[in-house]
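Everything on this sheet refers to the single structure shown next.
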Amino acid sequence: MKRQKKLLQIGEVAHEAGTTIRTVRYYLEQGFIEASERSSGGFYLFEHSAVDKVRFIQNLKELGLPLKEIKALYAIRKEKTRGDDAYPLVLERLLRHKEAVERKISEYAKLKEELDETIHLVTECEGCQRKPTRENCMACEVVRKRGAVPLPFGAIL
């Protein structure tokens, strides 16, 4: 006897994927996932693979890929009949996103460096008896010796 796969309702998909019913409904409306069938009560029923797709889309979003771009990738997949037709379009979009990610990484690295400098500078404030105002801090010998102050430090003064 063949065992029937358990289909999931939209709330179960949302729960297992760690997101909201609203998000799953949106992904359904946008064509990212498809219901396998509807229950006698009219509820959408999904195969377990829908959970994986929702998780995958969430991961792409967390990595900075805009939903609009994810949708475009799905559209390419649906429109093209052969991988040979789809791959250059997908590759171009992914390379463009990779460049944007690399720019962000560079910006974050610079910000991390500035934060490290600021943390080092702020630790030298231990024991300071002056009121922490812009004038007092900029007049401080520790800050003056440095010349330029890191951007985060200047921003909090």
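The values are calculated or read from the model by the stated rules, or taken from the named source; none is laboratory data. Please read these numbers as outputs of a predicted model, since none were measured by experiment. No Cβ is skipped: glycine too gets one built from the backbone with ideal geometry, and neighbour counts run over all protein chains shown.
Just checking, does region 135-151 include any residue being modelled with pLDDT of 90 or more, of a type in the set (D, E, K, R), surrounded by 11 or more Cβ atoms within 10 Å (Cβ to Cβ) and assigned to a helix (DSSP H, G or I)?
No, region 135-151 contains no residue that is modelled with pLDDT of 90 or more, of a type in the set (D, E, K, R), surrounded by 11 or more Cβ atoms within 10 Å (Cβ to Cβ) and assigned to a helix (DSSP H, G or I).
Which condition from (1) more than 30 Å from Ile70 (Cβ to Cβ); (2) of a type in the set (A, V, I, L, M); (3) at pLDDT 90 or above is the one that Val122 breaks?
In the conditions (1) more than 30 Å from Ile70 (Cβ to Cβ); (2) of a type in the set (A, V, I, L, M); (3) at pLDDT 90 or above, Val122 misses (3) alone.
One line per residue, one yes/no per condition, for (1) surrounded by fewer than 13 Cβ atoms within 10 Å (Cβ to Cβ); (2) in contact with a His (Cβ under 8 Å, 6 or more places away or on another chain); (3) under 22 Å from Val101 (Cβ atoms); (4) in contact (Cβ under 8 Å) with a residue 40 or more places away in the chain:
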| residue | (1), (2), (3), (4) |
| --- | --- |
| Leu7 | no, no, no, yes |
| Ala17 | no, no, no, yes |
| Tyr27 | no, no, no, no |
| Gly31 | yes, no, no, yes |
| Ala35 | no, no, no, no |
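Only residues that are surrounded by 12 or more Cβ atoms within 10 Å (Cβ to Cβ) and in contact with a strand residue (DSSP E or B) (Cβ under 8 Å, 6 or more places away or on another chain): list them for region 37-55, please.
Scanning region 37-55 gives Phe43, Tyr44, Leu45, Phe46, Glu47, His48, Ala50, Val51.
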